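Asker: Just dropping this structure here.
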Amino acid sequence: MKLKLITLAIPAIFAASSAFAAEGESSTVNFTGSVVETSCSLSAGSKGQTVPMGDVAANVFTGAGTTSQERPFSITLEGCDIAANPGSVSIVFSGNAVSGKDDTLATSAVATTKVGLQILQAGAPLVIDGSTASAGQTMVDGSNELAFSARYIALDNSVAAGDANASANFTVNYQ
């Protein structure tokens, strides 16, 4: 008899608890992402890196178009699998260019210093328009390092002392 009372009481408890349940708000969960053709990832050291240009004496610039010493830097891709992407890789740079000079970034005090900054690949200035890619480099399994350098360039026959910081964004292109 006790067994029958317990089996009758259990459904009654569940029925009573569902009678007090109330529906709350409802919403949506969004999932975002993409499917990419490559397994490479940008190395931690290549993200948000700073290239120290050093202190450059104003008298290094002897006229418009003269440049400072180049400072090397690289962008490294890790974990590349050429079976997934056997092509090549290049970089597209963008930033605040000096008016009329698509290969020269405006520095923080360009109006005062009359100095811009150029990004080079194999000694040649790169266009920083956000659509022109650097020369492609054939990908290999594992790590791929793309070498670049940066230098200051005089925009006038006389330059002045001052801060000469610049920033460029970049996008990795796989071909």
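What follows is calculated from the coordinates using simple rules that are stated; it is not laboratory data. Since the structure is predicted, the reported quantities are computational estimates derived from the model, not experimental observations. A quick note on method: Cβ atoms are made from the backbone with ideal geometry, for glycine too, and the neighbour counts reach across all protein chains shown.
Asker: Go through (1) loosely packed, with under 11 Cβ neighbours inside 10 Å; (2) closer than 18 Å to Leu105 by Cβ and name the single condition Phe61 misses.
Answerer: Condition (1) is where Phe61 drops out.
Asker: If you scan segment 146-175, which residues turn out to be buried (at least 17 other Cβ atoms within 10 Å of the Cβ) and either in contact with a Pro (Cβ under 8 Å, 6 or more places away or on another chain) or not small (Gly, Ala, Ser) (or both)?
Answerer: Leu146, Phe148, Ser149, Arg151, Tyr152, Ile153, Leu155, Val159, Phe170, Val172, Tyr174
Asker: So how many residues does segment 76-110 have that are of a type in the set (A, V, I, L, M), part of a loop (DSSP other than H, G, I, E, B) and either under 17 Å from the mean Cα position of the chain (by Cα) or farther than 18 Å from Cys40 by Cβ (or both)?
Answerer: 1
Asker: Looking at Ser143, Ser74, Ser90, which one is within 22 Å of Gly48 (Cα to Cα) and crowded, with 16+ Cβ neighbours inside 10 Å?
Answerer: Ser90
Asker: Shifting gears a bit: Can we say Val127 is touching a strand residue (DSSP E or B) at 6+ places or on another chain (Cβ under 7 Å), part of a loop (DSSP other than H, G, I, E, B), surrounded by 17 or more Cβ atoms within 10 Å (Cβ to Cβ) and without any contact (Cβ under 8 Å) to a residue 60 or more places away in the chain?
Answerer: Taking the combined requirement at face value, the residue satisfies it.
Asker: Quick check on Asn144: is it polar (S, T, N, Q), in contact with a Leu (Cβ under 8 Å, 6 or more places away or on another chain), in contact (Cβ under 8 Å) with a residue 60 or more places away in the chain and under 26 Å from Gly45 (Cα atoms)?
Answerer: yes
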